[in-house]
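The values are calculated or read from the model by the stated rules, or taken from the named source; none is laboratory data. A quick note: this is a predicted structure, and the numbers were derived from the prediction, not measured. Counting neighbours? That spans all protein chains shown, and the Cβs are built from the backbone with ideal geometry, glycine included.
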Amino acid sequence: MKKTHGLRSQAGLMAGILIVFVLLACQKEEASSPNPFLPSQELLGSYDRRFKECLQLATAELGKEVMRYEAIRPGLLPKKISIEATHYELGYLLGRINQARFGFLQPGRTAENEAINQQIEQMYLELYPPYLELLRGVAEARGLTLDELDLRYMEHEYFMGSWWYLFNYQKFLDETDFSCSLASYYLENEGRHLVGRNFDNQSDRPHFLVNTKMEGSYQVLGNSCYMPYHWVTDGMNEKGLFIGVSTNGNPARYNQKEGYAYPEVPAVQVIHMVRIALETCATVEEAAALFQSVRIWFPEEFNHLLLADAGGDAAVLEWDPDKNAHVFRRDKPYLLLTNTAYLEGLDFVESNCSRYRKAKPMLEAGIGDIGQLLDVMEAIRFTSGETRTLWTAMFDLPSLEMDVWYRAEGFEVGHGEGIKE
């Protein structure tokens, strides 16, 4: 495998959207791909055209470049997104993009939902005030105020719905028909903490290499699917904190998603909290405490997380079916996470996950460098069957470097990125 270290730079609305959703779900690309894991060339050539048009219009109106959207390589489905802005500016940009594309916004607060909205606002004032500034930007881009937004709707449905239609995700699903593996290894003698990640899904779909510098927050570098800013599936920040997401699907009772009905108490969508933690936390200890400080919401699926930091700490963070958080600390050089619940015990995990069984002896034999950890990730990569590994990413936390390989390139080309201190 060729490795490179290149770049070292860094439903209102839902009612309308549901109509679009139905139309999209009924429209298939006439040119179907012979490979069910590959989108057609027609779709690849057009899926992001409208987004780029809207981004250009919104950037011109804002008067500065807040988000840069560019190809990693010509013709490659994954794209690179770089954001350098205040949270308000990003929110304003996203609000204008949404308006240019859809032109409407769901009705906001009412007398019936005012109390829960005030509770959510108070939660974010204590937890993460920049998010309220982002929402203020979205609102003012639409000629509204923050007090007019229904924060329950904004927590997940607004942003997920926007990006879903902006990048034509439904067409990818229609045309082609989320597991994952993560491993950390601490080389104690060198003081180096390495992390490997395979992101697995049923078919290709838009995904992004994202580098964000938000004013007043830690810089974040990683990979995203579905929502290029909010949905960090694996990434690290400038302090060397890594967080990676995996589906917790075995036993099945751990993956009972909650759906889009916002909880009765203030809550943070699980992947949104990944973004918040990466922007505000420097260590595993801080991140774990943050996740345990509020109700975490799982509208799409039940997830568990691998956390690791430059100092050598690592943990799996998992929730039981009652949404109580549990932390499993690293007690050996490595920590390995797939899609089976730690709460069932590691004997159960090993008995019920072939990837865990394959990777465990390789890790226990010892890892001397990032290349050997990459060998582990290669050994448990999906290359056939009903799912595929869309990317493999490797993180060197003390050096703040990441390399990522894409399935679309046969995992032969490594794209390097780093965070400058």
Identity of the residue in the range 335-350, over 23 Å from the mean Cα position of the chain (by Cα) and more than 18 Å from Phe298 (Cα to Cα), that ends up surrounded by the fewest Cβ atoms within 10 Å (Cβ to Cβ): Asp347
Residue within the range 322-344 that is at pLDDT 95 or above, among the acidic types (Asp, Glu) and more than 23 Å from Phe395 (Cα to Cα) present: yes
The range 59-88 - residue that is of a type in the set (A, V, I, L, M, F, W, C) and out of contact with any Pro (no Cβ under 8 Å at 6 or more places or on another chain) and, of those, modelled with the lowest pLDDT: Leu76
Filtered residues of the range 328-375 (kept if β-branched (Val, Ile, Thr), outside any helix (DSSP H, G or I) and over 22 Å from Val404 (Cα atoms)): Thr340
Residue check for Ser203: of a type in the set (S, T, N, Q), over 16 Å from Asp403 (Cα atoms) and assigned by TED's automatic domain parsing to the domain that holds Ile380: yes
Single residue of the range 376-401 satisfying the filter (of a type in the set (A, V, I, L, M, F, W, C) and in a helix (DSSP H, G or I)) that is farthest from Asp234 (Cα to Cα): Ala379
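Hey, can you tell me all the residues within the range 234-251 that are in a strand (DSSP E or B) and closer than 18 Å to Gly216 by Cα? Explain how you work it out, then say what you get.
Keep residues of the range 234-251 that are in a strand (DSSP E or B), which gives 234-237, 242-247, 250.
Within the range 234-251, Met236, Asn237 meet the criteria.
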Some residue of the range 112-126 being at pLDDT 95 or above, touching a His at 6+ places or on another chain (Cβ under 6 Å) and not acidic (Asp, Glu): no
Residue count for the range 147-201, restricted to those that are surrounded by fewer than 20 Cβ atoms within 10 Å (Cβ to Cβ), over 21 Å from the mean Cα position of the chain (by Cα) and of a type outside the set (Lys, Arg): 9
One residue from Ala277, Ala288 being under 15 Å from Tyr128 (Cα atoms) and in a helix (DSSP H, G or I): Ala277
Residue satisfying all of: in the range 31-58; assigned to a loop (DSSP other than H, G, I, E, B) and either buried (at least 16 other Cβ atoms within 10 Å of the Cβ) or of a type in the set (Phe, Trp, Tyr) (or both); modelled with the lowest pLDDT among these: Ser33
